[in-house]
Amino acid sequence: MKEKISSDILEKWLKGWTLSRNKPLPVKYKSGFKVEVGDPEQKSRYVFAEPNEDFIQLAKSVDEPWVFLKVCTSSDRFKNNIPDKWKTQPQGYMMSCFQPMHTPNIDLHEDYLLEYDHYNSTSVVKILSKTGELASIGRVVIVDDLAIYDRISTESNHRRKGLASFLMKELEKMALSKNILDNFLVATEKGRSLYESLGWEFYSSYTSIVIPGRA
């Protein structure tokens, strides 16, 4: 468990996030980074390693809705120092696995098949049903010496079949094929237990705040 994320790892993770999602690469903003996301309900995001003065001053100066501020800590460390206009989003967790994963020795059930894709340094693994229905999907992006895992999901009617674990194993193979052993991701509350079962460890809390607008 780490207490503070390094700017180097934060930048690599954020670069992987943008490549995975076909967004502009991050640029430096004072002690943090900015990404022009361009989505209706996420215009841009600013990401900081800690809730320092740059983060606090930005929170006080921004009034525009759907601009996200993200910081690698829990909201308890800064919530009393920012205006009430900001709303905290569901807690995220930065996680690392700097060793081979503890993936179970399981085979993909005969009712499913694998499909692979690649773009922007991003490798995609899909698990499909025999009828072509998407059951599970995930992505891994290699940035220098770090493998960033992103958008890992399993459809509700295909859960509890070991698909997510098998998917992570396939994604890890792609990283290992490039001699990358260090892995990084941001998990939701729901996904955290899966990754911990595979040997991932908590690295840092990851908190997002936003001024909501009309949906």
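Within the stretch 96-109, one or more residues are in the same structural domain as S197 (by TED's automatic domain parsing) and charged (D, E, K, R).
Comparison of W66, W86 shows that the only residue that is in contact (Cβ under 8 Å) with a residue 12 or more places away in the chain and on the phi < 0 side of the Ramachandran plot is W86.
Would you please name the residue that is surrounded by the most Cβ atoms within 10 Å (Cβ to Cβ), looking only at residues in the stretch 13-25 that are of a type outside the set (K, R) and more than 14 Å from A49 (Cα to Cα)? Within the stretch 13-25, the match that is surrounded by the most Cβ atoms within 10 Å (Cβ to Cβ) is G16. Residues in the stretch 81-105 that are farther than 26 Å from F184 by Cα and either assigned to a strand (DSSP E or B) or not aliphatic (A, V, I, L, M) (or both): N81, P83, D84, K85, W86, K87. Do you know which residues across the stretch 74-113 are surrounded by 13 or more Cβ atoms within 10 Å (Cβ to Cβ), more than 30 Å from V62 (Cβ to Cβ), in contact with a helix residue (DSSP H, G or I) (Cβ under 8 Å, 6 or more places away or on another chain) and among the hydrophobic types (A, V, I, L, M, F, W, C)? Result: C97, M101, L108.
The values are calculated or read from the model by the stated rules, or taken from the named source; none is laboratory data. All values derive from a computational prediction rather than experimental measurement. Every residue, glycine among them, receives a Cβ derived from its backbone with ideal geometry; neighbour counts consider all protein chains shown.
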